[in-house]
Amino acid sequence: MSASDPSCIFCKIVEGKIPSRKVYEDDEMLAFHDINPWAPVHFLMVPKEHIASMAQVEDRHQALLGRMMALAPRLALQEGCRPYPQGGFRIVTNTGAEGGQEVQHLHVHVMGGPRPWAKG
Ligand code: 5GP
Ligand code: ZN
């Protein structure tokens, strides 16, 4: 079992202690809809391991982050983003206070769908 932080809301979502609308799950990662979407499609991809932010990423995480980036376009289409180039999506990872990060468990926002968006 991966390292978990008992006070972290995304660890609780990973463990099923807080419900979420799941988009994808495997041994190493989970994707679920953002509770407060900025765009018609807005989901988060998280490693199951508690990594506080991109600032704590280590060499051993390379394959996991690579898989996450490679999977994001497939999940974006599955969740309703239109194909590139007319459609597309935005991928964002806020990091640290000045990077606008509110939840201290590494997550990738994937946003898309017809504009205007609520934010971004
Ligand atoms: P950050 O600002 O850290 O990049 O983004 C955190 C995101 O997590 C926000 O977009 C927020 O709406 C989302 N979020 C916070 N708490 C929960 C929750 O309990 N469930 C879900 N599904 N999303 C959450
Ligand atoms: Zn966590």
- Message: With a cut-off of 8 Å between alpha carbons and a minimum separation of six or more residues, what is the relative contact order of the chain in percent?
- Response: 31
- Projected area averaged over orientations for the chain, convex hull of C-alpha atoms, nm²: 7.6
- Degrees separating the helix 62-78 axis from the principal Cα axis of the chain, which is the longest one: 30
- Query: Of all the accessible heavy-atom surface of the chain, with the other protein chains kept in place and a 1.4 Å probe, what percent is carbon and sulfur?
  - Reply: 53
- Report the Cys residues of the chain lacking a disulfide-compatible partner, meaning no second Cys Cβ under 4.7 Å from their Cβ. CYS81
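The values are calculated or read from the model by the stated rules, or taken from the named source; none is laboratory data. Quick caveat, the model's predicted, so the values are computed rather than measured. No Cβ is skipped: glycine too gets one built from the backbone with ideal geometry, and neighbour counts run over all protein chains shown. These accessible areas exclude ligands, DNA and RNA; they are computed on the full protein's heavy atoms, side chains included. Shrake-Rupley method; radii C 1.70, N 1.55, O 1.52, S 1.80 Å.
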